[in-house]
1. Starting from the Kirkwood radius over alpha-carbon pairs of segment 8-77, derive D by Stokes-Einstein at 20 °C in a medium of 1.002 mPa s and give it in µm² s⁻¹.
2. Tell me which residues come under 5 Å, amide H to amide H, from ALA187 once H is placed; ignore anything under 5 positions away on its chain.
3. PRO36: net charge of surrounding residues, Cβ under 15 Å, Lys/Arg +1, Asp/Glu -1, itself excluded?
4. Add +1 for every Lys or Arg and -1 for every Asp or Glu among the other residues with Cβ under 12 Å from the Cβ of GLY198, and state the total.
5. Quick check on segment 148-231: what are the equivalent-ellipsoid semi-axes from the Cα gyration tensor, as sqrt(5λ), descending, whole Å?
6. What number, in percent, do you get for the relative contact order of segment 8-77 if the mean sequence gap of Cα pairs under 8 Å and at least 6 apart is divided by its residue count?
7. Ranking request for peptides 169-182, 24-37: highest mean number of other beta-carbon atoms within 10 Å first, then the rest in descending order.
8. How much space per residue, in cubic angstrom, does the convex hull of the C-alpha atoms of segment 132-171 take up?
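What follows draws every value from the coordinates through simple rules; no lab data is involved. Since we're looking at a predicted model, the values are computed, not measured. Here Cβ is always computed from backbone atoms with ideal geometry, including for glycine, and neighbour counts include all displayed protein chains.
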Amino acid sequence: MVSTIITTYKMSKLRTGWCLVGSHEGQKPRSPSGKPLKTCEAWQECPCHCHVEITEMCEMAGIERVARKNPDYEPAVSPFWMPSPEFMAALRAERDGGITGTPANGSDAVDGVPQPSQRTFEPTPSGYRARGQLEAEVMKVCDLWDTSDGPVSLPLSYIAIQIPTDPPASVGAIREVLLRWVKYGFATLGIDPLAFTGYTEIGREKGIDFLKYKWEQERRTNRAKAERGYR
């Protein structure tokens with residue numbers, strides 16, 4: 001017993017724009033200037049005679065029915081491109097004055113251990129830390145203790161005394177840095193006691209700038225959907 005599989009398509013009542021202007025399937029149409037044109041590829045939906053004829057020929061010959069394109073046509077290459085999240089994260093890091101060192105984007109390794117690059121910060125007129133400076137200082141300490149071999153437990157008070165500043169770094173401010181890392185999916189935080197317990201796998205792979213950019217993109221997308229009434 002031979003089974004027959006019949007594939008049906010939803011045929012439109014109107015021909016596509018390509019067929020209406022004469023760019024029929026199986027032909028080699030050209031523009032008035034001689035440039036090869038794209039032909040209609042919607043042979044499942046377009047009711048034009050060009051598709052019907054090719055379909056019948058394929059059935060008679062017992063060959064697979066695929067779209068017959070104009071072999072001379074070459075799609076135009078757009079001068080525009082969509083930057084990747086990695087590119088945007090790197091651009092923001094450059095805009096902020098440098099690249100924050102992480103285990104994922106460190107510079108040349110010494111004895112097999114990645115040496116993370118560090119941002120440089122100019123003194124501020126107020127004497128307070130520059131934007132992002134505390135995060136860079138906390139990350140410098142955490143980089144020395146994080147390992148992919150297993151979890152760590154680095155108390156916030158220990159991180160504070162490892163930052164050589166006067167006055168010492170605030171434990172509360174360090175806590176806010178780590179909470180942001182957790183929100184971005186960059187690191188994990190122990191509760192009792194409050195302690196840095198390591199970077200996530202994606203944090204080591206992508207770095208803080210990428211994850212921060214991704215989180216902000218998702219937040220803007222969700223906010224736009226909410227304003228349009230989407231759920």
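1. 168 µm²/s
2. For ALA187, the qualifying residues are VAL182, THR200.
3. +2
4. Here the count lands on -3.
5. Details: eigenvalues 176, 51, 27 Å².
That gives 30, 16, 12 Å for the three semi-axes.
6. Relative contact order here is 36 percent.
7. Details: 169-182: 16.4, 24-37: 13.5.
Final packing ranking: 169-182, 24-37.
8. Convex hull volume per residue, Cα atoms: 65 Å³.
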